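Undergrad: Just passing along the structure, written as structure tokens.
The values are calculated or read from the model by the stated rules, or taken from the named source; none is laboratory data. The shown structure was predicted, so the numbers you read here are calculated from the model rather than taken from an experiment. Here the Cβ positions follow ideal geometry from the backbone for every residue, glycine too, while neighbour counts run over all protein chains shown. Remember, those area values only see protein heavy atoms, side chains included, never the ligands or the DNA or RNA. Shrake-Rupley method; radii C 1.70, N 1.55, O 1.52, S 1.80 Å.
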Amino acid sequence: MTTMRAGSEALSLTHASQNKLTKEQITQEVEKIRVRLLSQFQSEPDKLDSLLKILDDLSEFELGRFLIKNKGALSGYWTWYIILGFNNSKVTSTLEKFILEKSPVALATRERFNIFQELLAKHIKSNSTVCSVPCGMMADLLTLNLSAQIQEVRFVGIDIDKAVFDLAKDLSKQLRVDHRCDFFYKDAWNLDFENEFDIITTNGLNIYEKEDSRVVALYRGFYNALKVNGKLICSALTCPPMEEKESEYDLSQIDKANSLATAEIFRTILEATWANFRSSEKTCSQLKEAGFENIEIHWDTQKMFPTFIAEKRLSF
């Protein structure tokens, strides 16, 4: 595993108070979910009571309230929180501890982050320009422990959430990152960059996109933005067993009870909007269609959230 850049005391950020959600601010969303659950599970009173209890528990902590408000989607800040930031928070909710420490999807997300870091540390050279899109707090780049011999590296963050740029800049200062960092407010499907980057990292876009043609268009935009011999590092969620008989999950590595509990939270209660699954074969096919070659797959332990590294060989 790649070593983080600084001690744990430096890996903390204050979430801007104006962005914090109170229980009162999510009353409408909670009531909509409650009404839907009452309708769906009226013939299963024990199941209904359990789901309503989970819903109430979610509303008791800030991460849970954000998930309720956004149908299970995570912002740049909360992605950071699940991967690293929670280590410096006092987590008192039993449900929040479960999401952070036992939920298979959170474990896969954290492992995926570490795989990204290993690949970045391997491929970043002196004078590299490395882009993260959507960058969020750009933790994938800022927490890298690059060799002192690697000089003149430029980090570029692209996102449609301008608020994360200040958080990323604060994180850069706390970690004393001495590489140049630039940020651009752009849509990932309209980058307007040509032959600009040596490496692009991307996570969390394709899982929200249902249309395969749009995913290919996303990859093609990354292809155009890369220099020849540049590399794309990306990820995809593979299909769970309930979605596809030929699921790639390694069920021997997944706690069944934790998996079912996670499904109750994100699928049944929150109706998460990020559940667009694709097999590893499908993702490789889409990357090839966009022009990429030399595609490698780096699996997480559960085979839930694989990482792909692909190369731009020629102009497409």
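Undergrad: Against the conditions (1) modelled with pLDDT of 95 or more; (2) of a type in the set (Asp, Glu); (3) under 21 Å from Pro306 (Cα atoms), where does Asp198 fall short? Just the number, please.
TA: Of (1) modelled with pLDDT of 95 or more; (2) of a type in the set (Asp, Glu); (3) under 21 Å from Pro306 (Cα atoms), only one is false for Asp198: (3).
Undergrad: Quick check on Val156: is it at pLDDT 95 or above and within 25 Å of His123 (Cα to Cα)? Spell out the reasoning first.
TA: Working: at pLDDT 95 or above: yes; within 25 Å of His123 (Cα to Cα): yes.
Against the criterion (at pLDDT 95 or above and within 25 Å of His123 (Cα to Cα)), Val156 qualifies.
Undergrad: Which one of these does Val228 not meet: (1) out of contact with any strand residue (DSSP E or B) (no Cβ under 7 Å at 6 or more places or on another chain); (2) within 23 Å of Tyr81 (Cα to Cα); (3) not acidic (Asp, Glu)?
TA: (2)
Undergrad: Report whether or not Asp140 is in a helix (DSSP H, G or I) and surrounded by 19 or more Cβ atoms within 10 Å (Cβ to Cβ).
TA: Working: in a helix (DSSP H, G or I): yes; surrounded by 19 or more Cβ atoms within 10 Å (Cβ to Cβ): yes.
Answer is yes for this residue.
Undergrad: Can you name every residue in segment 184-203 that is closer than 13 Å to Pro134 by Cβ, in contact with a Gly (Cβ under 7 Å, 6 or more places away or on another chain) and either of a type in the set (Phe, Trp, Tyr) or open to solvent by 30 Å² or more (accessible area, probe 1.4 Å) (or both)?
TA: Trp189
Undergrad: In segment 76-101, which residue that is outside any helix (DSSP H, G or I) and closer than 17 Å to Phe61 by Cα is most open to solvent (accessible area, probe 1.4 Å)?
TA: Residues of segment 76-101 that are outside any helix (DSSP H, G or I), as a first pass: 84, 89-93.
Checking the rest, the ones that are also closer than 17 Å to Phe61 by Cα come to 89-93.
On the way: Ser89: 52, Lys90: 186, Val91: 24, Thr92: 106, Ser93: 26 Å².
Ranking the qualifying residues of segment 76-101, first place goes to Lys90.
Undergrad: Report, ordered by the first and then the second residue, all pairs with beta carbons closer than 7 Å, sequence separation of six or more or different chains, a first member in segment 173-189 that is closer than 23 Å to Arg220 by Cα, and a second member that is at pLDDT below 90.
TA: Tyr185/Lys162
Undergrad: So, of the residues in segment 104-156 that are among the basic types (Lys, Arg) and out of contact with any Ser or Thr (no Cβ under 8 Å at 6 or more places or on another chain), which turns out to be farthest from Thr262 (Cα to Cα)?
TA: Quick first cut of segment 104-156, residues among the basic types (Lys, Arg) only: 110, 112, 122, 125, 154.
Then keep just the ones that are out of contact with any Ser or Thr (no Cβ under 8 Å at 6 or more places or on another chain); that gives 110, 122, 125.
Working: Arg110: 16, Lys122: 34, Lys125: 40 Å.
Among residues in segment 104-156 that are among the basic types (Lys, Arg) and out of contact with any Ser or Thr (no Cβ under 8 Å at 6 or more places or on another chain), the one farthest from Thr262 (Cα to Cα) is Lys125.
Undergrad: Just need a number here: residues in segment 116-134 that are within 12 Å of Gly76 (Cβ to Cβ) and either open to solvent by 10 Å² or more (accessible area, probe 1.4 Å) or among the basic types (Lys, Arg) (or both). Lay out the reasoning, then the answer.
TA: Residues of segment 116-134 within 12 Å of Gly76 (Cβ to Cβ): 132-134.
From the residues that got through so far, the ones that are either open to solvent by 10 Å² or more (accessible area, probe 1.4 Å) or among the basic types (Lys, Arg) (or both) too are 134.
Residues meeting the conditions: 1.
Undergrad: Something else about it: Select, from Ile233, Ile254, the only residue that is crowded, with 18+ Cβ neighbours inside 10 Å, in contact (Cβ under 8 Å) with a residue 24 or more places away in the chain and touching a Pro at 6+ places or on another chain (Cβ under 6 Å). Can you show your working first?
TA: Working: Ile233 fails: touching a Pro at 6+ places or on another chain (Cβ under 6 Å).
Among Ile233, Ile254, only Ile254 is crowded, with 18+ Cβ neighbours inside 10 Å, in contact (Cβ under 8 Å) with a residue 24 or more places away in the chain and touching a Pro at 6+ places or on another chain (Cβ under 6 Å).
Undergrad: Among the residues of segment 289-316, write down those that are open to solvent by 20 Å² or more (accessible area, probe 1.4 Å) and of a type in the set (Asp, Glu).
TA: Correct list: Glu289, Glu293, Glu296, Glu311.
Conditions (1) among the charged types (D, E, K, R); (2) touching a strand residue (DSSP E or B) at 6+ places or on another chain (Cβ under 9 Å), marked per residue:
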site	(1), (2)
Tyr208	no, no
Asp212	yes, no
Tyr223	no, yes
Lys256	yes, no
Ile265	no, no
Lys282	yes, no
Ser285	no, no
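Undergrad: Out of segment 261-288, which residues are of a type in the set (Ser, Thr, Tyr), open to solvent by 20 Å² or more (accessible area, probe 1.4 Å), in a helix (DSSP H, G or I) and more than 30 Å from Lys312 (Cβ to Cβ)? Don't jump to the end; show me each part of the working.
TA: Residues of segment 261-288 that are of a type in the set (Ser, Thr, Tyr), as a first pass: 262, 268, 273, 279-280, 283, 285.
Next, only the ones that are open to solvent by 20 Å² or more (accessible area, probe 1.4 Å) stay: 268, 273, 279, 285.
Checking the rest, the ones that are also in a helix (DSSP H, G or I) come to 268, 285.
The one that is of a type in the set (Ser, Thr, Tyr), open to solvent by 20 Å² or more (accessible area, probe 1.4 Å), in a helix (DSSP H, G or I) and more than 30 Å from Lys312 (Cβ to Cβ): Thr268.
Undergrad: Output the residue which, of all residues in segment 204-230 that are open to solvent by less than 30 Å² (accessible area, probe 1.4 Å), part of a helix (DSSP H, G or I) and among the aliphatic types (A, V, I, L, M), is modelled with the lowest pLDDT.
TA: Only one residue tops the list, namely Ile207.
Undergrad: Can you tell me which residue within segment 143-183, out of those that are open to solvent by 30 Å² or more (accessible area, probe 1.4 Å) and assigned to a helix (DSSP H, G or I), is farthest from Tyr81 (Cα to Cα)?
TA: Lys173
Undergrad: Okay, next question. Glu246: among the acidic types (Asp, Glu), over 21 Å from the mean Cα position of the chain (by Cα) and surrounded by fewer than 14 Cβ atoms within 10 Å (Cβ to Cβ), yes or no? Explain how you work it out, then say what you get.
TA: Numbers: among the acidic types (Asp, Glu): yes; over 21 Å from the mean Cα position of the chain (by Cα): yes; surrounded by fewer than 14 Cβ atoms within 10 Å (Cβ to Cβ): yes.
When the stated conditions are applied, Glu246 passes them.
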